[in-house]
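The values are calculated or read from the model by the stated rules, or taken from the named source; none is laboratory data. For clarity, every value in this text was computed on a predicted model and none was experimentally measured. Here the Cβ positions follow ideal geometry from the backbone for every residue, glycine too, while neighbour counts run over all protein chains shown. Surface areas here come from the heavy atoms of the whole protein model, side chains and all, with no ligands, DNA or RNA. Shrake-Rupley method; radii C 1.70, N 1.55, O 1.52, S 1.80 Å.
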Amino acid sequence: MQGTTSEAIICTLIAARDRATEEIGPSHDIDFASKLVVYGSDQTHSTFRKACKLVGIRPSNIRLIPTTAKSNFALSPLDLQKAIEADVAAGLVPVYLCLTVGTTSTTAVDPVEQLVHIATDYDIWVHVDAAYAGSACICPEFRHYLDGIEHVDSLSLAPHKWLLSYLDCCCLWVRRPDLLVKSLSTNPEYLKNKLSESNSVVDYKDWQIGTGRRFRSLRLWLVLRSYGLGSLQAHIRSDVRLAQIFEGFVQSDGRFETVLPANFGLVCFRLRGFDSKRTEALNKELLEQVNSTGRVYITHTIAGGVYMLRFAVGSTLTEEHHVVAAWKVITESAETVLTKEPDRIVNL
Ligand SMILES: Cc1ncc(COP(=O)(O)O)c(C=O)c1O
(Lines give C-alpha, C1' and ligand atoms only; values in the text may rest on other atoms or scores of the structure.)
Protein backbone atom coordinates (compact mmCIF):
# COMPACT_ATOMS: atom_id res chain seq x y z
CA MET A 1 0.00 0.00 0.00
CA GLN A 2 1.27 3.38 -1.02
CA GLY A 3 0.02 6.80 -0.01
CA THR A 4 -0.82 8.06 -3.48
CA THR A 5 -0.92 7.00 -7.11
CA SER A 6 2.01 9.33 -7.69
CA GLU A 7 4.17 7.21 -5.40
CA ALA A 8 2.96 4.00 -7.08
CA ILE A 9 4.00 5.38 -10.47
CA ILE A 10 7.37 6.65 -9.25
CA CYS A 11 8.27 3.34 -7.59
CA THR A 12 7.30 1.20 -10.58
CA LEU A 13 8.98 3.57 -13.01
CA ILE A 14 12.22 3.32 -11.04
CA ALA A 15 12.00 -0.47 -11.11
CA ALA A 16 11.35 -0.42 -14.87
CA ARG A 17 14.24 1.98 -15.47
CA ASP A 18 16.65 -0.16 -13.48
CA ARG A 19 15.48 -3.37 -15.14
CA ALA A 20 16.12 -1.90 -18.57
CA THR A 21 19.47 -0.46 -17.52
CA GLU A 22 20.60 -3.73 -16.01
CA GLU A 23 19.30 -6.04 -18.72
CA ILE A 24 20.10 -4.13 -21.86
CA GLY A 25 22.12 -1.07 -20.94
CA PRO A 26 25.69 -1.67 -22.09
CA SER A 27 27.98 -0.85 -19.21
CA HIS A 28 30.17 1.38 -21.40
CA ASP A 29 27.21 3.54 -22.48
CA ILE A 30 27.13 6.21 -19.80
CA ASP A 31 24.49 8.02 -21.80
CA PHE A 32 22.09 5.06 -21.68
CA ALA A 33 19.60 6.83 -19.35
CA SER A 34 19.05 9.50 -21.98
CA LYS A 35 17.75 6.82 -24.38
CA LEU A 36 14.92 5.60 -22.19
CA VAL A 37 11.47 6.45 -23.54
CA VAL A 38 8.13 6.26 -21.77
CA TYR A 39 4.56 6.29 -23.08
CA GLY A 40 1.11 7.38 -22.03
CA SER A 41 -1.67 9.36 -23.62
CA ASP A 42 -2.43 13.06 -23.52
CA GLN A 43 -5.06 12.10 -20.93
CA THR A 44 -2.62 10.38 -18.56
CA HIS A 45 -2.58 12.14 -15.20
CA SER A 46 -0.03 14.96 -14.94
CA THR A 47 1.67 13.12 -12.11
CA PHE A 48 3.19 10.80 -14.73
CA ARG A 49 5.24 13.66 -16.12
CA LYS A 50 6.29 14.61 -12.62
CA ALA A 51 7.32 11.02 -11.93
CA CYS A 52 9.42 11.02 -15.10
CA LYS A 53 11.13 14.20 -13.94
CA LEU A 54 11.96 12.65 -10.58
CA VAL A 55 13.17 9.40 -12.10
CA GLY A 56 15.40 11.11 -14.64
CA ILE A 57 13.52 10.45 -17.88
CA ARG A 58 14.29 13.19 -20.36
CA PRO A 59 11.26 15.45 -21.02
CA SER A 60 11.85 14.94 -24.75
CA ASN A 61 11.50 11.18 -24.24
CA ILE A 62 8.02 11.33 -22.76
CA ARG A 63 5.45 10.38 -25.39
CA LEU A 64 1.97 11.54 -24.49
CA ILE A 65 0.13 10.23 -27.51
CA PRO A 66 -2.80 12.41 -28.62
CA THR A 67 -6.31 10.99 -28.23
CA THR A 68 -9.58 12.20 -29.73
CA ALA A 69 -13.23 12.50 -28.76
CA LYS A 70 -13.99 9.98 -31.52
CA SER A 71 -12.40 7.22 -29.45
CA ASN A 72 -13.68 8.70 -26.18
CA PHE A 73 -10.11 9.79 -25.40
CA ALA A 74 -8.78 6.25 -25.14
CA LEU A 75 -5.22 5.52 -26.26
CA SER A 76 -5.15 4.00 -29.74
CA PRO A 77 -3.15 0.74 -30.09
CA LEU A 78 -2.17 1.71 -33.63
CA ASP A 79 -0.80 5.08 -32.51
CA LEU A 80 1.12 3.44 -29.69
CA GLN A 81 2.62 0.88 -32.06
CA LYS A 82 3.71 3.62 -34.46
CA ALA A 83 5.30 5.68 -31.69
CA ILE A 84 7.25 2.71 -30.34
CA GLU A 85 8.44 1.66 -33.81
CA ALA A 86 9.67 5.18 -34.54
CA ASP A 87 11.58 5.31 -31.26
CA VAL A 88 13.19 1.92 -31.75
CA ALA A 89 14.21 2.94 -35.27
CA ALA A 90 15.81 6.06 -33.77
CA GLY A 91 17.92 3.95 -31.39
CA LEU A 92 15.86 4.78 -28.30
CA VAL A 93 14.82 2.26 -25.65
CA PRO A 94 11.08 1.98 -24.78
CA VAL A 95 10.83 1.28 -21.08
CA TYR A 96 7.45 2.07 -19.52
CA LEU A 97 3.82 2.47 -20.56
CA CYS A 98 1.31 4.10 -18.23
CA LEU A 99 -2.26 3.12 -19.11
CA THR A 100 -5.30 4.58 -17.42
CA VAL A 101 -8.60 2.95 -16.56
CA GLY A 102 -10.74 6.01 -15.82
CA THR A 103 -8.82 9.15 -16.72
CA THR A 104 -9.14 12.18 -14.52
CA SER A 105 -10.61 14.51 -17.15
CA THR A 106 -13.30 12.34 -18.66
CA THR A 107 -12.95 8.81 -17.16
CA ALA A 108 -11.65 7.45 -20.48
CA VAL A 109 -10.54 3.83 -20.45
CA ASP A 110 -7.46 2.71 -22.36
CA PRO A 111 -7.99 -0.73 -23.94
CA VAL A 112 -5.59 -2.64 -21.70
CA GLU A 113 -5.84 -5.99 -23.48
CA GLN A 114 -4.81 -4.65 -26.90
CA LEU A 115 -2.20 -2.23 -25.62
CA VAL A 116 -0.44 -4.60 -23.28
CA HIS A 117 0.27 -7.07 -26.08
CA ILE A 118 1.99 -4.37 -28.11
CA ALA A 119 4.07 -3.27 -25.15
CA THR A 120 5.19 -6.71 -24.06
CA ASP A 121 6.56 -7.38 -27.55
CA TYR A 122 9.09 -4.66 -26.73
CA ASP A 123 9.65 -5.67 -23.11
CA ILE A 124 8.03 -2.49 -21.88
CA TRP A 125 6.85 -2.34 -18.26
CA VAL A 126 3.07 -1.78 -18.34
CA HIS A 127 1.49 0.02 -15.42
CA VAL A 128 -2.27 0.49 -15.15
CA ASP A 129 -3.39 3.56 -13.26
CA ALA A 130 -6.93 2.74 -12.13
CA ALA A 131 -6.87 5.33 -9.33
CA TYR A 132 -10.55 6.17 -9.54
CA ALA A 133 -12.33 3.63 -11.74
CA GLY A 134 -10.49 0.59 -10.39
CA SER A 135 -12.88 0.62 -7.45
CA ALA A 136 -15.83 0.07 -9.81
CA CYS A 137 -14.25 -3.23 -10.85
CA ILE A 138 -15.43 -4.80 -7.60
CA CYS A 139 -18.75 -5.06 -9.52
CA PRO A 140 -18.77 -7.87 -12.10
CA GLU A 141 -20.49 -5.65 -14.68
CA PHE A 142 -17.50 -3.25 -14.69
CA ARG A 143 -14.75 -5.83 -14.49
CA HIS A 144 -14.36 -5.98 -18.27
CA TYR A 145 -12.59 -2.62 -18.07
CA LEU A 146 -9.66 -4.55 -16.64
CA ASP A 147 -9.59 -7.23 -19.34
CA GLY A 148 -5.97 -8.07 -20.05
CA ILE A 149 -4.84 -7.04 -16.57
CA GLU A 150 -3.27 -10.47 -16.05
CA HIS A 151 -0.53 -9.48 -18.50
CA VAL A 152 0.52 -6.15 -16.97
CA ASP A 153 3.46 -5.52 -14.66
CA SER A 154 1.70 -3.35 -12.12
CA LEU A 155 -1.68 -1.93 -11.21
CA SER A 156 -2.62 0.81 -8.79
CA LEU A 157 -5.99 1.88 -7.51
CA ALA A 158 -6.83 4.37 -4.83
CA PRO A 159 -9.68 3.45 -2.48
CA HIS A 160 -9.49 7.03 -1.19
CA LYS A 161 -11.12 8.09 -4.44
CA TRP A 162 -14.21 5.90 -4.65
CA LEU A 163 -14.14 3.14 -2.08
CA LEU A 164 -15.22 4.90 1.08
CA SER A 165 -11.69 5.36 2.40
CA TYR A 166 -10.06 8.68 3.05
CA LEU A 167 -6.67 10.03 1.95
CA ASP A 168 -4.15 8.58 1.72
CA CYS A 169 -4.73 5.04 0.55
CA CYS A 170 -3.43 3.61 -2.71
CA CYS A 171 -3.17 -0.12 -3.43
CA LEU A 172 -0.31 -1.17 -5.65
CA TRP A 173 0.06 -4.64 -7.12
CA VAL A 174 3.32 -5.63 -8.80
CA ARG A 175 4.07 -8.78 -10.75
CA ARG A 176 7.75 -8.77 -9.74
CA PRO A 177 8.14 -7.29 -6.26
CA ASP A 178 11.77 -8.39 -6.35
CA LEU A 179 12.41 -5.68 -8.96
CA LEU A 180 10.97 -3.04 -6.65
CA VAL A 181 13.11 -4.34 -3.80
CA LYS A 182 16.20 -4.38 -5.98
CA SER A 183 15.71 -0.72 -6.85
CA LEU A 184 14.46 0.64 -3.57
CA SER A 185 16.02 -1.40 -0.79
CA THR A 186 18.41 0.04 1.75
CA ASN A 187 20.14 -1.99 4.39
CA PRO A 188 21.73 0.20 7.05
CA GLU A 189 23.19 -1.36 10.17
CA TYR A 190 20.68 0.31 12.49
CA LEU A 191 17.74 -1.39 10.75
CA LYS A 192 19.17 -4.88 10.77
CA ASN A 193 17.45 -7.50 12.89
CA LYS A 194 17.13 -11.25 12.92
CA LEU A 195 13.83 -11.36 11.07
CA SER A 196 14.79 -9.04 8.23
CA GLU A 197 18.12 -10.85 7.88
CA SER A 198 16.29 -14.19 7.64
CA ASN A 199 14.30 -13.05 4.57
CA SER A 200 11.21 -14.52 6.17
CA VAL A 201 9.37 -11.18 6.39
CA VAL A 202 8.38 -8.64 3.76
CA ASP A 203 10.16 -5.39 4.48
CA TYR A 204 7.83 -2.86 2.92
CA LYS A 205 10.33 -0.05 3.33
CA ASP A 206 11.91 -1.63 0.23
CA TRP A 207 8.71 -1.23 -1.82
CA GLN A 208 8.26 2.51 -1.32
CA ILE A 209 9.99 5.87 -1.16
CA GLY A 210 9.97 6.48 2.58
CA THR A 211 11.38 4.26 5.26
CA GLY A 212 8.60 4.54 7.82
CA ARG A 213 5.05 3.83 6.81
CA ARG A 214 1.55 4.38 8.03
CA PHE A 215 -0.74 1.52 8.97
CA ARG A 216 -3.08 2.16 6.04
CA SER A 217 -3.98 -1.47 5.62
CA LEU A 218 -5.81 -1.47 8.94
CA ARG A 219 -7.97 1.40 7.74
CA LEU A 220 -8.79 -0.34 4.47
CA TRP A 221 -9.38 -3.64 6.23
CA LEU A 222 -11.88 -1.90 8.51
CA VAL A 223 -13.71 -0.44 5.52
CA LEU A 224 -13.87 -3.82 3.81
CA ARG A 225 -15.00 -5.62 6.96
CA SER A 226 -17.51 -3.07 8.14
CA TYR A 227 -19.24 -2.47 4.80
CA GLY A 228 -18.69 -5.85 3.17
CA LEU A 229 -18.59 -6.51 -0.54
CA GLY A 230 -22.35 -6.14 -1.05
CA SER A 231 -22.52 -2.66 0.48
CA LEU A 232 -19.41 -1.48 -1.37
CA GLN A 233 -20.89 -2.69 -4.66
CA ALA A 234 -24.18 -0.98 -3.79
CA HIS A 235 -22.27 2.27 -3.17
CA ILE A 236 -20.59 2.11 -6.59
CA ARG A 237 -23.80 1.13 -8.38
CA SER A 238 -25.74 3.88 -6.67
CA ASP A 239 -23.24 6.53 -7.79
CA VAL A 240 -23.29 5.22 -11.37
CA ARG A 241 -27.11 5.23 -11.35
CA LEU A 242 -27.19 8.81 -10.00
CA ALA A 243 -24.76 9.91 -12.72
CA GLN A 244 -27.07 8.32 -15.30
CA ILE A 245 -30.02 10.20 -13.82
CA PHE A 246 -28.07 13.44 -14.14
CA GLU A 247 -27.11 12.54 -17.71
CA GLY A 248 -30.82 12.05 -18.45
CA PHE A 249 -31.60 15.54 -17.05
CA VAL A 250 -28.94 17.09 -19.30
CA GLN A 251 -30.14 15.24 -22.38
CA SER A 252 -33.76 16.22 -21.80
CA ASP A 253 -32.94 19.96 -21.77
CA GLY A 254 -32.28 21.36 -25.25
CA ARG A 255 -30.06 24.12 -23.86
CA PHE A 256 -27.50 21.54 -22.72
CA GLU A 257 -25.58 18.66 -24.19
CA THR A 258 -23.49 15.80 -22.86
CA VAL A 259 -20.05 15.92 -24.43
CA LEU A 260 -19.30 12.21 -23.95
CA PRO A 261 -21.30 9.18 -22.84
CA ALA A 262 -21.21 9.07 -19.02
CA ASN A 263 -18.82 6.50 -17.65
CA PHE A 264 -18.80 5.52 -14.01
CA GLY A 265 -19.87 8.44 -11.78
CA LEU A 266 -18.90 11.36 -14.01
CA VAL A 267 -20.97 13.34 -16.50
CA CYS A 268 -19.19 15.73 -18.87
CA PHE A 269 -21.69 18.28 -20.13
CA ARG A 270 -22.08 21.88 -21.20
CA LEU A 271 -24.43 24.55 -22.40
CA ARG A 272 -24.76 24.33 -26.15
CA GLY A 273 -23.50 27.15 -28.29
CA PHE A 274 -22.85 28.18 -31.82
CA ASP A 275 -19.30 29.38 -31.82
CA SER A 276 -16.73 27.67 -29.68
CA LYS A 277 -15.20 30.77 -28.08
CA ARG A 278 -18.51 32.12 -26.84
CA THR A 279 -19.66 28.68 -25.76
CA GLU A 280 -16.53 28.31 -23.67
CA ALA A 281 -17.03 31.74 -22.10
CA LEU A 282 -20.65 30.94 -21.37
CA ASN A 283 -19.81 27.65 -19.70
CA LYS A 284 -17.06 29.28 -17.65
CA GLU A 285 -19.62 31.75 -16.45
CA LEU A 286 -22.05 28.96 -15.64
CA LEU A 287 -19.36 27.18 -13.61
CA GLU A 288 -18.71 30.35 -11.60
CA GLN A 289 -22.39 30.97 -11.11
CA VAL A 290 -23.13 27.42 -9.91
CA ASN A 291 -20.18 27.32 -7.54
CA SER A 292 -20.93 30.77 -6.17
CA THR A 293 -24.20 29.42 -4.76
CA GLY A 294 -22.14 27.35 -2.34
CA ARG A 295 -24.70 24.55 -2.71
CA VAL A 296 -23.11 22.53 -5.51
CA TYR A 297 -19.50 22.31 -6.58
CA ILE A 298 -18.71 21.37 -10.15
CA THR A 299 -15.38 21.40 -11.97
CA HIS A 300 -14.29 21.72 -15.56
CA THR A 301 -11.83 20.26 -18.01
CA ILE A 302 -10.69 20.70 -21.57
CA ALA A 303 -10.31 17.60 -23.71
CA GLY A 304 -9.88 17.57 -27.47
CA GLY A 305 -9.99 21.36 -27.30
CA VAL A 306 -13.51 21.31 -25.87
CA TYR A 307 -14.26 23.10 -22.61
CA MET A 308 -16.72 21.07 -20.56
CA LEU A 309 -18.20 20.95 -17.10
CA ARG A 310 -17.85 17.90 -14.87
CA PHE A 311 -20.56 16.64 -12.58
CA ALA A 312 -19.07 13.93 -10.40
CA VAL A 313 -21.13 11.76 -8.07
CA GLY A 314 -18.87 10.15 -5.51
CA SER A 315 -19.46 11.56 -2.08
CA THR A 316 -20.36 8.98 0.55
CA LEU A 317 -23.82 10.27 1.36
CA THR A 318 -25.08 11.46 -2.05
CA GLU A 319 -28.67 10.45 -2.79
CA GLU A 320 -31.07 11.03 -5.67
CA HIS A 321 -32.63 14.12 -4.09
CA HIS A 322 -29.18 15.76 -3.98
CA VAL A 323 -28.78 15.20 -7.73
CA VAL A 324 -32.27 16.60 -8.39
CA ALA A 325 -31.43 19.65 -6.26
CA ALA A 326 -28.08 20.06 -8.03
CA TRP A 327 -29.76 20.03 -11.42
CA LYS A 328 -32.17 22.72 -10.19
CA VAL A 329 -29.21 24.90 -9.11
CA ILE A 330 -27.54 24.31 -12.49
CA THR A 331 -30.64 25.18 -14.55
CA GLU A 332 -31.36 28.27 -12.44
CA SER A 333 -27.76 29.36 -12.84
CA ALA A 334 -28.01 28.73 -16.58
CA GLU A 335 -31.03 31.02 -16.73
CA THR A 336 -29.09 33.77 -14.95
CA VAL A 337 -26.16 33.38 -17.32
CA LEU A 338 -28.29 33.19 -20.44
CA THR A 339 -30.35 36.28 -19.64
CA LYS A 340 -27.10 38.24 -19.85
CA GLU A 341 -26.90 37.17 -23.47
CA PRO A 342 -30.27 38.19 -24.91
CA ASP A 343 -29.06 37.86 -28.47
CA ARG A 344 -28.40 34.16 -28.07
CA ILE A 345 -30.85 31.64 -29.37
CA VAL A 346 -30.28 28.85 -27.00
CA ASN A 347 -33.73 27.34 -26.56
CA LEU A 348 -33.11 24.76 -29.23
C1 LIG B 1 -6.33 8.64 -12.82
C2 LIG B 1 -5.54 9.35 -11.76
N3 LIG B 1 -4.23 9.09 -11.63
C4 LIG B 1 -3.47 9.70 -10.72
C5 LIG B 1 -4.00 10.65 -9.87
C6 LIG B 1 -3.09 11.31 -8.86
O7 LIG B 1 -3.37 10.72 -7.66
P8 LIG B 1 -2.56 11.00 -6.32
O9 LIG B 1 -3.01 12.34 -5.84
O10 LIG B 1 -3.05 9.89 -5.41
O11 LIG B 1 -1.13 10.91 -6.60
C12 LIG B 1 -5.35 10.96 -9.97
C13 LIG B 1 -5.93 12.00 -9.09
O14 LIG B 1 -6.89 12.63 -9.39
C15 LIG B 1 -6.14 10.29 -10.93
O16 LIG B 1 -7.44 10.56 -11.08
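Numbers for the structure displayed
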| item | result |
| --- | --- |
| Selected from Ser71, Ala108, Val126, residue furthest toward positive end of dipole (the chain; charges at beta carbon) | Ala108 |
| Span from the region 138-153 Cα centroid across to the region 108-128 one, whole angstrom | 13 Å |
| Computed label-point distance, nm, for sites Asp121 and Thr339 using a 7 Å Cα→Cβ extension | 6.1 nm |
| Most mobile listed residue (Tyr297, Tyr190, Tyr122) in the chain, GNM with C-alpha springs under 10 Å | Tyr190 |
| Exposure ranking of Lys53, Lys340 by accessible area [1.4 Å probe, largest first] | Lys53, Lys340 |
| Sequence of Glu332, Glu197, Glu247 when ordered by accessible area, the most exposed leading, probe 1.4 angstrom | Glu197, Glu332, Glu247 |
| Cα principal axis extents for region 39-160, largest first, Å | 44, 28, 27 |
| Rg/Rh (Cα only; Kirkwood hydrodynamic radius) as it applies to the chain | 1.02 |
| CD proxy at 222 nm, helix term only [per DSSP H run n ≥ 4: -39500 (n - 2.57); per residue of the chain; nearest 500] | -13000 deg cm²/dmol |
| Ranked order, Ser226, Ser34 - accessible area, probe 1.4 Å, largest first | Ser226, Ser34 |
| Between helix 5-24 and the chain: long-axis angle, C-alpha atoms, 0 to 90°, nearest 10 | 40 degrees |
| Candidates Ile236, Ile138, Ile24, ranked by Gaussian network fluctuation over the chain, Cα under 10 Å, top entry | Ile24 |
| Contour minus Cα-Cα distance for Ser231 and Asp168 (0.36 nm per residue) | 20.5 nm |
| Area accessible to solvent at Cys171, 1.4 Å probe radius, in Å² | 40 Å² |
| Three semi-axes of the equivalent ellipsoid, region 238-348, Cα gyration tensor, whole Å, largest first | 22, 15, 13 |
| Computed label-point distance, nm, for sites Ser196 and Ile209 using a 7 Å Cα→Cβ extension | 2.0 nm |
| In degrees, nearest ten, helix 276-292 long axis to first principal axis of the chain (Cα) | 90 degrees |
| Rounded to the nearest 20 debye, dipole of region 82-175 from Cβ charges on Lys, Arg, Asp, Glu | 280 debye |
| Exceeding the 28 Å Cα-Cα cut-off - candidates Lys82/Lys182; Lys50/Lys205; Lys35/Lys182; Lys35/Lys82; Lys35/Lys192 | Lys82/Lys182; Lys35/Lys192 |
| Where a label projected 7 Å from the Cα of Arg272 along Cα→Cβ would reach, residues of region 227-257 with amide N under 15 Å | 249-257 |
| FRET E, pair Lys182, Ser71, Förster distance 41 Å, beta-carbon r, rounded to 0.05 | 0.65 |
| Candidate lysines - alpha carbon under 21 Å from Lys340, same-chain residues fewer than 8 apart omitted | Lys277, Lys284, Lys328 |
| Among Val128, Val201, Val324, residue whose mean-square fluctuation peaks in a GNM of the chain (springs only between Cα atoms under 10 Å) | Val201 |
| Length gained when the stretch Ala325-Arg49 is fully extended (0.36 nm per residue, less Cα-Cα span) | 95.5 nm |
| Helix 112-121 axis, angle to the chain major axis (alpha carbon atoms, nearest 10°) | 30 degrees |
| DSSP-defined beta bridges in the chain - what % are antiparallel, rounded to 5 | 55 percent |
